[in-house]
Structure formats: C-alpha cells, structure tokens
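The values are calculated or read from the model by the stated rules, or taken from the named source; none is laboratory data. Keep in mind the model is a prediction, meaning the values are calculated, not measured. Every residue, glycine as well, gets a Cβ built from its backbone with ideal geometry; the counts of neighbours run over all protein chains shown. The accessibility values were calculated without ligands, DNA or RNA, using every heavy atom of the protein model including side chains. Shrake-Rupley method; radii C 1.70, N 1.55, O 1.52, S 1.80 Å.
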Amino acid sequence: KGNPDPIAYRALAANYVLGTPDGATRVARFAARSAEPDHQRVFALKLLADWSNPPRRDPITGLTHDLPRRDPAPVAAAVRPVLAGLFAGSDAVRAEAAQVAAKLGIPEVGPLLTAVVRDEKASAADRADALRALASVKAANLKELTTFARASPETRLRAAGLTARAQTDPAGALRDVPGLLRDGKASVAEKQAALAILGNGGESVEGDAVLSDLLTDGAAGKAPAELLLDALE
C-alpha cells in the first residue's frame with residue numbers, strides 16, 4: 001500500500017505473469033482499495049480483465065511473451081468478494097471495473113451488489129460502495145435501492161443514497177437539498193453529498209441563500225468545519 005509507481009506496477013505485473021489464484025486475489029484486492037492512486041487501480045483492473053487470455057505483450061516491458069490461456073474461474077472468484085470496492089472511485093476506475101465484470105462473465109454483478117447494499121452485516125462503507133457501483137452501471141433497481149438507502153440508520157449509506165438519487169431524479173434531489181442542509185439532525189456526510197449535488201445543479205436563488213447562510217454561520221463559528229470547504233467549492 002502506498003508504494004511508488006515502479007514498485008506497484010511491477011508487483012502487480014509479477015502476480016499477473018505468475019497467474020496463480022493467490023496472485024489474482026492480491027491484484028483484485030489492490031484494485032478494490034480506494035486509497036490507491038486511480039492509475040494504479042486501472043492498471044490492476046486491466047490485468048484482471050486480461051487474466052484468462054493474456055495478450056502477447058508484457059504489461060511492463062512491452063516485450064513479447066507467450067503466457068498460456070488460463071482458467072477464468074479463479075480470477076472471477078477473486079473478483080466477486082471485492083466487486084463493490086472495484087466500482088468505488090473515479091469514472092475511469094468504474095469503467096474499467098465494468099469491463100472486468102463483462103470479460104470475466106459475472107452476470108450477477110447487479111444481484112451481488114444489490115445483496116451488499118441490503119446486507120445489514122456488511123460495513124457501511126461497503127454498502128455505500130455497492131450502491132455507487134449500481135449507480136455507475138445504471139442498474140434497473142436503482143430507484144428502489146435509493147429509497148431503501150435513504151431510510152437506513154447508516155449515515156454513509158444515506159449519503160450514498162442521496163448521491164444516487166441525483167442520478168435517477170436530479171430535479172427531485174436538488175429540491176431536497178436546501179431542507180437537508182438546514183436539518184440539524186442530518187449527518188455531515190449527507191450534507192457534504194447535498195453540497196456536491198448543489199454544486200452540480202447550477203445556480204439557483206434558494207441554493208445561493210443556503211450557501212450564504214452556511215458561510216455566514218461558518219464565519220461566526222456556528223457551522224461544522226467539515227462543511228466549509230465543501231461550501232466554498
């Protein structure tokens with residue numbers, strides 16, 4: 001974790017060349033860690049996508065090599081437990097994760113992620129990641145899951161639900177933002193998500209008023225410090 005690019009790239013490529021089930025697990029877990037740089041995660045995801053049918057070019061040197069075709073079952077098994085994490089990140093990461101799921105023939109990506117969202121024993125972070133993943137692939141049941149998430153006692157899941165709602169019903173989500181930002185019971189995570197929606201929703205009189213109130217309260221030390229950078233952005 002946190003290795004310089006040359007070390008990270010070579011370590012990932014070494015696991016890919018060896019092609020063992022343990023190697024697939026290591027690469028999949030790396031790709032699912034949102035703390036790693038996006039470009040390293042995209043590289044890891046590309047390796048997973050090519051795992052069962054390696055191209056002739058070495059991913060580091062560019063030299064030709066003849067790796068045999070490999071059974072896709074072990075790499076698919078390595079990907080399934082971390083599927084939600086693979087979709088957590090930038091658009092580039094999510095797009096590559098979708099390619100991995102398609103190439104490895106994981107048709108149950110929707111049901112798997114849905115099960116994670118609804119699993120009360122799973123961590124709030126994993127459930128939120130799963131909901132964001134479903135939003136990125138425009139899942140058919142996204143509206144239903146958004147409603148479910150917004151009613152959750154988990155603040156991170158509620159915040160993810162708010163962000164997902166902005167994709168299924170942007171006008172409705174934008175209408176809810178001012179009230180949520182003024183709600184003393186709403187969590188900081190939800191308010192940060194609401195400010196992001198406000199920032200993407202364009203200029204409005206009510207939005208300007210909410211931001212003005214937040215900045216005034218912040219100057220007087222009455223607003224959560226965690227929200228001030230979001231409000232300024």
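Observations on the structure shown:
- Directionally averaged shadow of segment 58-104, computed from the convex hull of its alpha-carbon atoms, nm²: 4.3 nm²
- Helix-derived mean residue ellipticity, 222 nm - over the chain, DSSP H n ≥ 4, -39500 (n - 2.57), to 500: -20500 deg cm²/dmol
- Cα-based equivalent ellipsoid of segment 1-116: semi-axis lengths in Å, sorted from largest, via gyration tensor: 21, 17, 11
- In this structure, Ala115 and Ile60 have a Cβ-Cβ separation that, at R0 = 35 Å, corresponds to a calculated FRET efficiency of about 0.45.
- Listed residues Leu198, Pro111, Leu228: farthest to the positive end of the dipole of the chain (Cβ charges): Pro111
- Sorted largest first, the principal axis extents computed over the alpha-carbon atoms of segment 63-179 equal 60, 30, 22 Å.
- Per residue, the accessible area of segment 1-111 comes to 50 Å² when a 1.4 Å probe rolls over the protein heavy atoms.
- Residue ranges 55-61, 65-71, 206-212, 25-31 sort as 25-31, 206-212, 55-61, 65-71 when ordered by packing (mean number of other C-beta atoms within 10 Å per residue, highest first).
- Carbon and sulfur %, accessible surface of the chain computed with the full protein complex present, 1.4 Å: 54 percent
- Using the Cβ-Cβ distance between Glu144 and Leu215 with R0 = 30 Å, the FRET efficiency computed as 1/(1 + (r/R0)^6) comes to roughly 0.25.
- Summing Lys and Arg as +1 and Asp and Glu as -1 over all other residues whose Cβ lies under 15 Å from the Cβ of Leu63 gives a net charge of +1.
- Highest mean first, the peptides 160-166, 38-44 sorted by other C-beta atoms within 10 Å per residue fall in the order 160-166, 38-44.
- The orientation-averaged projection of the convex hull spanning the C-alpha atoms of the chain amounts to 14.2 square nanometres.
- Based on the Kirkwood approach, the hydrodynamic radius assigned to segment 151-200 is 10.5 Å, with every pair of different Cα atoms included.
- About the Cα centre, charge dipole magnitude for the chain (Lys/Arg +1, Asp/Glu -1 at Cβ), debye: 800 debye
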